[in-house]
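J.: Let me begin by handing over the structure; questions about it come next.
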Ligand SMILES: [Zn+2]
């Protein structure tokens, strides 16, 4: 089967490898219907030291179950499923609190950009999409379901952790697929003013379609001044930060209003950051966010996609086959593509 490996910064290869086999009785083997390249895959694409042994890639997938271990009860061969980017038992105390990404029996997928994959902890992880046949479903529906593996529900998690309420003002930092998803999620939760900070017009146009009321293309001090101007000088109730670099964090605490919440879902590329009087303390601002426990939100989100309430799949603007995956990484890295979907049948 074909599978994606990264051998170092800028070096992505698709190789023919053996199909995975069941290891634990709680495993399943799934056949990929669609997978995709994530903005977070671009971090190793920039930084990974060259290695002889490639690292398998991929954590987003919709798939058909091929084979299940003896203890799998929640899915059966033939089921069409969504795989959250983290697997979990979904029964322990941490999972019951809604933080499946921190399940002590769980982990993060890293082999899903492949034709087949082994999924651990299937009973707690894979969720069946009811009544949909992936062979006959529309591309639009498949695209939206695929976003529930990570990107849309990561945007939703940002808004959920910030407890976005009707009538509030929200700023979204970052116009990548997660940022645009955060716009859509904030709109669903009733935010009145949604300020999207981003400067790629094709992306911010989709942001407006998803519910952004204002777009601020400026960055740094100019961007901050613009947001303050749009909010009566007070700043926003909530910042959803979907970038992960320090300037985005600085921008976030500069535009948060006193008592507000900064919710981060861009994977921070730093460990140390200001939390003192001039950043969070002086404003009584709170910091929230982390890896999205997609599993906690999946049933509700599947229903919203199936009934047409949300159409988050619009973030995909390119579909490729496995042989084009290295070019797909380059296209996302070069901002020629917003988010790239992989269709194994191409
Ligand atoms: Zn757990």
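J.: Rounded to the nearest 10 degrees, what's the angle between the helix 201-210 long axis and the longest principal axis of the chain, both from Cα atoms, 0 to 90?
T.: Computed tilt is about 90 degrees.
J.: Could you calculate, for the chain, the ratio of the Cα radius of gyration to the Kirkwood radius, expressed as Rg to Rh?
T.: Details: Rg = 19.8 Å, Rh = 20.4 Å.
Looking at the chain, the ratio lands at 0.97.
J.: May I pose another question? How many nm is it between the label spots at residue 47 and residue 218, if each spot is 7 Å from the Cα in line with the beta carbon?
T.: Reported label-point gap for residue 47 and residue 218 is 3.1 nm.
J.: Provide the FRET efficiency to the nearest 0.05 for the residue 24-residue 277 pair, computing r from the beta carbons and using R0 = 56 Å.
T.: Working: r = 50 Å, r/R0 = 0.90.
Here the calculated transfer efficiency is 0.65.
J.: While we're looking at this one, here's another question. Using the beta-carbon distance between residue 138 and residue 200 and R0 = 41 Å, what value does 1/(1 + (r/R0)^6) give for FRET efficiency, to the nearest 0.05? Please list the in-between numbers first.
T.: On the way: r = 27 Å, r/R0 = 0.65.
Between residue 138 and residue 200 the formula returns 0.95.
J.: While we're looking at this one, here's another question. Between 102, 185, 171, which gets the highest mean-square fluctuation from a Gaussian network model of the chain, Cα cutoff 10 Å?
T.: Looking only at 102, 185, 171, the largest GNM fluctuation is found for 102.
J.: If you project the alpha carbons of the range 155-289 onto the principal axes, what extent comes out on each, in Å, largest first?
T.: In descending order, the Cα extents are 37, 29, 28 Å.
J.: Roughly speaking, what is the stretch gain from residue 70 to residue 102, that is 0.36 nm per residue apart minus the C-alpha to C-alpha distance, in nm to one decimal?
T.: Details: separation 32, 0.36 × 32 = 11.52 nm, distance 2.54 nm.
Stretched fully, the residue 70-residue 102 segment lengthens by 9.0 nm.
J.: Right, next: Rounded to whole Å, give me the distance from the Cα center of the range 76-140 to that of the range 1-66.
T.: Using only Cα atoms, the two centres lie 15 Å from each other.
J.: How high is the FRET efficiency between residue 91 and residue 346 when r is their beta carbon distance and R₀ equals 41 Å, given to the nearest 0.05? Don't skip to the answer; put the middle values down first.
T.: On the way: r = 38 Å, r/R0 = 0.93.
FRET efficiency, residue 91 to residue 346: 0.60.
J.: Once you keep just the Cα pairs under 8 angstrom separated by 6 or more residues, what percentage relative contact order results for the range 155-289? Walk me through the numbers before you get to the answer.
T.: Values: 317 pairs, mean separation 32.8, N = 135.
In percent, rounded to a whole number, it is 24.
J.: Could you please rank 309, 154, 136, placing first whichever residue has the fewest other Cβ atoms within 10 Å of its Cβ? List each step's numbers first, then the result.
T.: Numbers: 309 10, 154 29, 136 7.
Ranking 309, 154, 136 by Cβ neighbours within 10 Å, fewest first, gives 136, 309, 154.
J.: In what sequence do 299, 135, 74 fall when counting other Cβ within 10 Å, fewest first?
T.: Numbers: 299 12, 135 8, 74 16.
Starting with the residue having the fewest Cβ neighbours, the order is 135, 299, 74.
J.: Here is a follow-up. Could you grab the relative contact order for the chain? Cα pairs under 8 Å, six or more apart, rounded to a whole percent. List each step's numbers first, then the result.
T.: Values: 856 pairs, mean separation 61.7, N = 346.
About 18 percent, as a whole number.
J.: I've got another one for you. Rounded to whole Å and ordered largest first, report the semi-axes of the equivalent ellipsoid of the range 282-346 derived from its Cα gyration tensor (root of 5λ).
T.: Details: eigenvalues 175, 86, 26 Å².
Rounded to whole Å, the semi-axes are 30, 21, 11.
J.: Starting from the Cα gyration tensor of the range 109-216, take the square roots of the eigenvalues, sort them a ≥ b ≥ c, and report rounded, prolate or oblate (rounded when a/c is under 1.5, otherwise prolate if a/b is larger than b/c, else oblate). The partial results should precede the final answer.
T.: Details: a/c = 2.12, a/b = 1.84, b/c = 1.15.
Verdict is prolate for the range 109-216.
J.: Right, another one. Kindly work out what percent of the DSSP beta bridges joining two residues of the chain are antiparallel, to the nearest 5. It would help to have the intermediate numbers written out before the result.
T.: Details: 30 of 54 bridges.
Antiparallel bridges make up about 55 percent of those DSSP assigns within the chain.
Each value in this text was obtained by applying a stated rule to the coordinates, not by laboratory testing. What you see is a predicted model, and the numbers here were worked out from it, not measured in a lab. Because the Cβ atoms are built from the backbone with ideal geometry, glycine has one as well, and the counts that use them run over all protein chains shown.
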